[in-house]
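Only one structure is covered here, and it is reproduced in the block below.
The values are calculated or read from the model by the stated rules, or taken from the named source; none is laboratory data. Quantities reported herein were computed from a predicted structural model and do not represent experimental measurements. Don't worry about glycine lacking a Cβ; one is built from the backbone with ideal geometry, like all the others, and counts go over all protein chains shown. What goes into the accessible areas is simple: the full protein's heavy atoms, side chains included, and nothing from ligands, DNA or RNA. Shrake-Rupley method; radii C 1.70, N 1.55, O 1.52, S 1.80 Å.
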Amino acid sequence: MEGRGASGQGTVTCASWIRRPENAHLVVMGKSRHGDNPAVLEIFSFDPKTTSLSSSPSATYIFEEEGDPVSFAVHPSGDDIVCSTTAGGCKLFELYGKESYLKLLAKDLVPLKCVGLQICLAFSVDGSRFATGGVDGHLRIFEWPSLRIILDEPRAHKSFQDMDFSLDSEFLASTSTDGSARIWQANDGVPLTSLTRNSDERIELCRFSKDGTKPFLFCTVQKGNKATTAVWDMSTWNKIGHKRLLRKPASMMSVSLDGKYLAQGSKDGDVCVVEVKKMEVYHWSKRLHPGSSIASLEFCPSERVVLTTSAGWGAMITKLNVPVDWKEWQIYLLLLGLFVASAVAFYIFFENSDSFWNFPLGRDQPTRPKIKAILRDPQSDDQDMWEPLDL
């Protein structure tokens, strides 16, 4: 099921999910200036039943002199949103209230004011770290929310292309427009290693596995016209294999929060979703954004749904054709059914056998008391069941 995201003027430049309690998730969307309409940041509610966004925003912020929004990073708590802009630097938005009444409080991030265009923004999974990568190749890692600088490396890359934190928030992976990729210690900013590649290969996008059992790093690798997805082992940082999935250059890559699925968006508007355990494509959305490069691609926090954006087609919500996950209540219902079935089987066995341990009664075997006799009232005054007591 596919649908347009939201109406309104301006080109959608970026979008991201906002996790909220009770799965009442939101979507933050950035739009560029269009004619007399200013650049805006808008927040929409999401309806999982119809797999669509609300027709009008629940909260709006108008950019005046900050330029157009470029990219978002949303804190795992859902309360903080960092937005980079074309004017250079980043702005913080604190989100208050519930779906019926949302309020945005905009703040300047002093360490990231007038630092140039920031291409990549990312919060660590535990929310304690925040990293930015600039078009000038400058990498900054901060503690959050104190904004204490952990790393300030102006020559991390030629120019940033992508970045991602590992599930345990220990590592940060980053890629450059020159095809190189590096691994950093997130706690102290120490450069750990550079991923090996052939001279004719370009490492472009990177995402860590998120299922908690397979410590891998997925990267898209371009070799001439051949596009592959390669896997590096995080224990050794050695490349252990590759596979052709999207079969064309990818512009975006994402991993679901539970780590079961990996999605890739192409530069001509296709999206494929891969089951990580088998590394097989489970869903294709061909020409989802016809002729436009996928600019944003992100899994919904609780549903098998992806959010995508492009300059030509705006924002779209797409329901995935993947196997349905078991809900928690369904598992409990199954366990209850098994318990009831076991109780019925036990009762039938008891009614047709002379004891718990024996098979059903033979033709010449004496009968045994009915279950009602065994469960008779212990307060009964029937004296025949007691032996005389000699005093």
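Hey, among the residues in segment 270-290 that are open to solvent by less than 70 Å² (accessible area, probe 1.4 Å) and in contact with a Gly (Cβ under 6 Å, 6 or more places away or on another chain), which one's nearest to Phe160 (Cα to Cα)?
Val271
For Ser235, all conditions in the list (1) touching a residue at least 40 places away in the same chain (Cβ under 8 Å); (2) closer than 20 Å to Val125 by Cβ; (3) part of a loop (DSSP other than H, G, I, E, B) hold save one; what is the number of the exception?
Failing condition for Ser235: (1).
Take the residues in segment 145-167 that are in contact with an Asp or Glu (Cβ under 8 Å, 6 or more places away or on another chain) and of a type outside the set (A, V, I, L, M, F, W, C); name whichever of them is nearest to Val135 (Cα to Cα).
Going through the qualifying residues, I end up with Ser159.
Residues of segment 168-210 being closer than 16 Å to Val255 by Cβ, open to solvent by less than 10 Å² (accessible area, probe 1.4 Å) and among the aromatic types (Phe, Trp, Tyr), which ones?
Phe208
Among the residues of segment 289-298, how many are in contact (Cβ under 8 Å) with a residue 60 or more places away in the chain and either part of a loop (DSSP other than H, G, I, E, B) or not acidic (Asp, Glu) (or both)?
Adding up the residues that qualify gives 2.
The conditions are (1) touching a residue at least 60 places away in the same chain (Cβ under 8 Å); (2) under 22 Å from Leu257 (Cβ atoms), and Leu41 fails exactly one of them. Which is it?
So Leu41 meets the others, but not (2).
Keeping to segment 52-85, report how many residues are under 16 Å from Asp108 (Cβ atoms) and not hydrophobic (A, V, I, L, M, F, W, C).
The number of residues fulfilling the criteria is 9.
Taking the conditions exactly as written (under 30 Å from Ser174 (Cα atoms), out of contact with any Ser or Thr (no Cβ under 6 Å at 6 or more places or on another chain) and among the hydrophobic types (A, V, I, L, M, F, W, C)), does Leu92 satisfy them or not?
Spelling it out, Leu92 is indeed under 30 Å from Ser174 (Cα atoms), out of contact with any Ser or Thr (no Cβ under 6 Å at 6 or more places or on another chain) and among the hydrophobic types (A, V, I, L, M, F, W, C).
Mind counting the residues in segment 23-44 that are out of contact with any strand residue (DSSP E or B) (no Cβ under 6 Å at 6 or more places or on another chain) and small (Gly, Ala, Ser)?
Here the count works out to 3.
Among residues belonging to segment 219-262 that are surrounded by fewer than 16 Cβ atoms within 10 Å (Cβ to Cβ) and among the β-branched types (Val, Ile, Thr), point out the one that is farthest from Asp200 (Cα to Cα).
Looking at the filtered set, the residue picked out is Thr236.
So Lys113 ticks every box in (1) under 21 Å from Lys210 (Cβ atoms); (2) more than 22 Å from the chain's Cα centre (by Cα) but one. Which box is left unticked?
Every listed condition holds for Lys113 apart from (1).
Considering only residues that are farther than 23 Å from Ile119 by Cβ and under 15 Å from the mean Cα position of the chain (by Cα), which ones fall in segment 25-45?
Within segment 25-45, His25, Leu26 qualify.
Find all pairs meeting these conditions: Cβ atoms under 6 angstrom apart; at least six residues apart or on different chains; first residue within segment 106-131 and closer than 14 Å to Lys91 by Cα; second residue at pLDDT below 95 and part of a strand (DSSP E or B).
Leu112/Gly89; Lys113/Gly89; Cys114/Gly89; Val115/Gly89
Looking only at segment 100-147, which residues are part of a strand (DSSP E or B), at pLDDT 95 or above and among the hydroxyl-bearing types (Ser, Thr, Tyr)?
Correct list: Thr132 only.
Out of curiosity, is Lys248 more than 21 Å from Cys300 (Cβ to Cβ), in contact (Cβ under 8 Å) with a residue 60 or more places away in the chain and in contact with a Lys or Arg (Cβ under 9 Å, 6 or more places away or on another chain)?
Here the answer is no, as Lys248 does not meet what is asked.
Provide a single number: the residues in segment 79-99 that are outside any strand (DSSP E or B) and either of a type in the set (Lys, Arg) or open to solvent by less than 30 Å² (accessible area, probe 1.4 Å) (or both).
Summing the residues that are outside any strand (DSSP E or B) and either of a type in the set (Lys, Arg) or open to solvent by less than 30 Å² (accessible area, probe 1.4 Å) (or both) in segment 79-99 gives 1.
Checking Phe216 against (1) closer than 23 Å to Arg19 by Cα; (2) aromatic (Phe, Trp, Tyr); (3) open to solvent by 20 Å² or more (accessible area, probe 1.4 Å), which test does it fail?
Evaluating Phe216 over (1) closer than 23 Å to Arg19 by Cα; (2) aromatic (Phe, Trp, Tyr); (3) open to solvent by 20 Å² or more (accessible area, probe 1.4 Å) leaves (1) as the failure.
Among the residues of segment 262-282, how many are assigned to a strand (DSSP E or B), of a type outside the set (Asp, Glu) and out of contact with any Ser or Thr (no Cβ under 9 Å at 6 or more places or on another chain)?
Going through segment 262-282 one residue at a time, the tally reaches 2.
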